[in-house]
1. What helices (runs of 4 or more DSSP H), lying completely within the stretch 156-204, carry at least 1 residues that are surrounded by 14 or more Cβ atoms within 10 Å (Cβ to Cβ), under 15 Å from the mean Cα position of the chain (by Cα) and basic (K, R)?
2. Hey, among E128, E75, E86, which residue is among the acidic types (D, E), part of a helix (DSSP H, G or I) and surrounded by fewer than 17 Cβ atoms within 10 Å (Cβ to Cβ)?
3. Out of V79, V120, V62, I need the residue that is under 18 Å from G142 (Cα atoms), of a type in the set (V, I, T) and assigned by the TED database to the domain that holds H152. Which one?
4. Please find, within the stretch 39-70, the residue that is farthest from E144 (Cα to Cα) out of those that are touching a residue at least 40 places away in the same chain (Cβ under 8 Å) and part of a loop (DSSP other than H, G, I, E, B).
5. Using the structure shown, decide if T137 is among the β-branched types (V, I, T) and within 20 Å of L21 (Cβ to Cβ).
6. Given T151, T146, which one is in contact with an Asp or Glu (Cβ under 6 Å, 6 or more places away or on another chain), outside the structural domain of V17 (by the TED database) and surrounded by 18 or more Cβ atoms within 10 Å (Cβ to Cβ)?
7. Among the candidates M18, M1, single out the residue that is out of contact with any strand residue (DSSP E or B) (no Cβ under 6 Å at 6 or more places or on another chain), outside any helix (DSSP H, G or I) and hydrophobic (A, V, I, L, M, F, W, C).
Amino acid sequence: MVVKIYGTGTAVCSQRVMHCLVELGVEFELVEPFGQVPYIVDGDFELFESRAIVRYYGAKYVGKGPNLLGRTLEEKARVDQWLDAEAINYNPLVFPIVFNLFVLPRSGVPGNKAEAEAAVEKLDKVLEIYERQLSKTKYLAGNEFTLADLTHIPATRYLVENCNMDHLITGKKHVKAWWEDITSRPAWKKTMSFVESRVSHFYP
């Protein structure tokens, strides 16, 4: 049975889920609804909240595609640690930047530049922590690509490509190398091609 993702293709949270499924080679259909998104329907099972969804699929399809959850107890704990860091410390800073410098202006509404600048300053300090971690390991949770890395990609893409904030990434040697690596993954490129094509069905 084909997985149904209820969401919007251009939304960060939907892209997070789609990228996870593309990495795992899972067929899905994107359905654009109203209401709380994204959520998935997988047979009789329904689930919302993008990070919960990618954890679910990482576990359901373990052994198919990359191991996105970590292999040992310690690796899994590090993946969870960085997933929490993204949700609690990283995304809340990226959101006001993207919202004020891209989303609102694109809608013809002036953004709050002071709010964006304050978030940029804080995000730069957070990325210094990332730089230290990535000087020790290739990816955030170790030396394999996991959900810890995947969850960062959609929002950071808007930050880099639409808000002229690429210096936050490129100004840090190890963060820059990590970003170039994770965004060059074939699955991410396929996800972006799917979004840009505006079709509703992904076939692995």
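The values are calculated or read from the model by the stated rules, or taken from the named source; none is laboratory data. As the structure is a computational prediction, the values presented were derived from the model and not from experiment. Cβ: placed from backbone, ideal geometry, glycine included. Neighbour counts: every protein chain shown. Each accessible area value is taken on the protein alone, full model and side chains, heavy atoms only, with ligands, DNA and RNA left out. Shrake-Rupley method; radii C 1.70, N 1.55, O 1.52, S 1.80 Å.
1. 186-197
2. Values: E75 fails: surrounded by fewer than 17 Cβ atoms within 10 Å (Cβ to Cβ); E86 fails: surrounded by fewer than 17 Cβ atoms within 10 Å (Cβ to Cβ).
From the options E128, E75, E86, the qualifying one is E128.
3. V79
4. Here the answer is G43.
5. Values: among the β-branched types (V, I, T): yes; within 20 Å of L21 (Cβ to Cβ): no.
No, not satisfied.
6. On the way: T146 fails: in contact with an Asp or Glu (Cβ under 6 Å, 6 or more places away or on another chain).
Of the residues listed, the single one that is in contact with an Asp or Glu (Cβ under 6 Å, 6 or more places away or on another chain), outside the structural domain of V17 (by the TED database) and surrounded by 18 or more Cβ atoms within 10 Å (Cβ to Cβ) is T151.
7. Working: M18 fails: outside any helix (DSSP H, G or I).
Sole residue among the options that is out of contact with any strand residue (DSSP E or B) (no Cβ under 6 Å at 6 or more places or on another chain), outside any helix (DSSP H, G or I) and hydrophobic (A, V, I, L, M, F, W, C): M1.
Residues checked against (1) more than 18 Å from A187 (Cα to Cα); (2) touching a Lys or Arg at 6+ places or on another chain (Cβ under 8 Å); (3) surrounded by fewer than 17 Cβ atoms within 10 Å (Cβ to Cβ):
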position	(1), (2), (3)
V3	no, no, no
T10	no, no, yes
F28	no, yes, no
V37	yes, no, no
E46	yes, no, yes
V54	no, yes, no
